[in-house]
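The values are calculated or read from the model by the stated rules, or taken from the named source; none is laboratory data. Small disclaimer: the values here were computed from a predicted structure and weren't measured. Cβ placement follows ideal geometry from the backbone for every residue including glycine, while neighbour counts extend to all protein chains displayed. We work out accessible area using only protein heavy atoms, side chains counted, and drop any ligands, DNA or RNA first. Shrake-Rupley method; radii C 1.70, N 1.55, O 1.52, S 1.80 Å.
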Amino acid sequence: MNILLTLQFDGTAYCGFQVQKNGRSVCEAVQDALEAVLGVRPPVKGCGRTDAGVHALGYALSFYAEPRIPLQKLPLALNSRLPADIRATAARAVPEGFHARYSAHTKTYLYRIRLGAVDSPFDAAYYYRLPGPLNLAAMQRAAQDVCGTHDFLAFCSAGSQTAARGDTVRTVTACTVQQTGDTLAITVTANGFLYNMARILAGTLVRVGQGRIPANGVPAILAGRSRAAAGPTLPARGLFLQAVQYPPEALGDAP
């Protein structure tokens, strides 16, 4: 059976989702739990890589297994074996050809910013703090120009194998900036993301909000294809993979 599992995790203690030699990964913890519950250690296919410290509200992975318990009970069984900073939230059967990464239609990332002079001791691990106000209207104006199909090389960190192949065109279907109290939420939905693209987009919009990049400056940054022209790569702790969207046919649902 091909199974789609949805997770939430606090990425603070992990080197990312994917297994790496330099630290504990979310994938390793999930596979440990799967092995304890299922009696086998299935290979898993994640919906994408995440950097160290990045969180997830709706991470998706798929794997083949023959569960010994009903699928609706699998998340609870896994949660009894998972560390407290990782939780399985849903499990369902999907068609044989489903792949958590390659079947995805779009992904949505959320970046959280707290405006204020002092961090909160309770949730400082889940946002990036800035001491001063930002020009929200300018950021919202710039976010409109992020949308569309563009070459996002300027929003990709050096060392990307994808960029080295010249595959840097992506389609952003939505980019919004909203403020509630002293918390700023930047969300971006795209058919794919380059290395650090979401964090660089957020950093660029922050520079717009600070008046260091003009509100209409995004098209020139995209056209110039220079990483130096875009904003900084903001810290991983403010970034959440919010959701992965799949077309009904990929999930085996009726249209």
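Report the FRET efficiency, 1/(1 + (r/R0)^6), for residue 79 and residue 52, where r is their Cβ-Cβ distance and R0 is 30 Å, rounded to 0.05. Taking R0 as 30 Å, the efficiency between residue 79 and residue 52 is 0.80. With Cα atoms as the point set, the chain shows a radius of gyration and Dmax of 19.1, 58 Å.
In terms of the Cα gyration tensor, with a ≥ b ≥ c the square roots of its eigenvalues, is the range 106-151 rounded because a/c is under 1.5, prolate because a/b exceeds b/c, or oblate?
Values: a/c = 4.31, a/b = 1.67, b/c = 2.58.
Judged from the Cα gyration tensor, the range 106-151 comes out oblate (a/c at least 1.5, b/c at or above a/b).
Distant-in-sequence amide contacts of residue 90, defined by a placed amide H-H separation under 5 Å and a gap of 5 or more residues or a different chain, comprise 6.
Surface composition of the chain: carbon and sulfur make up 53 percent of the accessible area, probe 1.4 Å. The HN-Hα couplings worked out from phi for the range 235-246 by the Karplus form 6.51 cos²θ - 1.76 cosθ + 1.60 (θ = phi - 60°) are x, 5, 5, x, 9, 10, 6, 7, 6, 10, 9, 10 Hz, whole numbers, x standing for Gly and Pro. The charge dipole of the chain, taken about its Cα centre with unit charges on the Cβ of Lys, Arg, Asp and Glu (plus for the first two, minus for the last two), comes to roughly 400 debye. Mind checking the alpha-carbon convex hull of the range 195-255 and giving the volume per residue in Å³? Cα convex hull per residue, to the nearest whole number: 145 Å³. Accessible surface comparison of 241, 76, probe 1.4 Å, protein chains only, largest first: the order is 76, 241.
Divide the volume of the convex hull around the Cα atoms of the range 131-175 by the residue count and you get 94 Å³ per residue.
Return the inverse of the average 1/r over all pairs of distinct C-alpha atoms in the range 137-213, which is the Kirkwood hydrodynamic radius, in Å to one decimal.
Details: mean 1/r = 0.0774 Å⁻¹.
Taking the inverse mean of 1/r over all distinct Cα pairs, the range 137-213 comes out at 12.9 Å.
Oblate is the label for the range 151-255, because a/c, from the alpha-carbon gyration tensor with a ≥ b ≥ c as root eigenvalues, is 1.5 or above and a/b does not exceed b/c. For 55, 99, 105, the ranking by accessible surface with the largest value first comes to 105, 99, 55, using a 1.4 Å probe.
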